[in-house]
1. Taking a 29 Å limit on the Cα-Cα distance, which of the listed pairs K37/K174; K37/K212; K175/K197; K175/K220; K106/K214 fall beyond it?
2. Could you pull out every one of the aspartates and glutamates with an alpha carbon less than 13 Å from that of K124, ignoring same-chain neighbours closer than 8 positions?
3. How many Å³ per residue does the convex hull of the Cα positions in the chain occupy?
Amino acid sequence: MYKVIFDSINSTQDEIISFNNYKKILKDNNLYIQSFKQIKGTGRGKKKWLSPIGNIYLTINQKLKASHALRNNFYICYIIHKFFKINFNINLDYKWPNDLFYKNKKIVGVVVKSTILGKKSYLKTGIGININNSPIIDSVSLFSIINEKSNILDLSNIIIGIIEHNLTKKISNKKLVRYLNQYMLRDFKLNHPIFGKNIIEILSVNEDLSLKIKIDDATKNIFFGELF
């Protein structure tokens, strides 16, 4: 594992997109880019992730088999969820496909971008965790939950160590899905290129990591789309 840390940067995702600079490292190691502040933090799609000093902003660059790429963001959510549960006795809620909430407010966001080269996939997994600050009104921080400030460098090193350790483990999709469904948030509308913006009933995550929904009295499985 290698880690590069900045005081301030446009975006950890932008930095790691130039992964050709780090390609020798990625042959045998994961690379973590972290910044204490982001000027242009990246969210899903065209959304921005507000990134003041006091929270964790990092991107993991991994080289994986292309067939393993899909489940990566689900697995990262699983690892972080377990971290909060074990270390702070906090049960976060899971929003498909890659966010974690506390009492209907976002505390963790995960966004994945990938480059497929043959049978290999270079994944850039961005992770934002609100630790000491809640940047927007519908977000929440660890500080607001436990009423205690955290040292960002120390806590991020612990989280990175746990992520790195668990990325080497094998967990079945069945176990992963069962865990995520246990904490699934279901009160969202759908924004989808086929089904439009509709009120839906969220049923469950399937073993293939698609989302089972009920819309107009019909059951559908979707692999992409936004819940809002």
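1. Details: K37/K174 37 Å; K37/K212 37 Å; K175/K197 31 Å; K175/K220 22 Å; K106/K214 24 Å.
Check vs 29 Å cut-off fails for K37/K174; K37/K212; K175/K197.
2. Within reach: D14, E15.
3. Numbers: hull volume 28.7 nm³, N = 228.
Measuring per residue, one finds 126 Å³ for the Cα hull of the chain.
Bear in mind that the values in this text are calculations on the coordinates, not laboratory data. If you're wondering where the values come from, they're calculated on a predicted model, not measured in any experiment.
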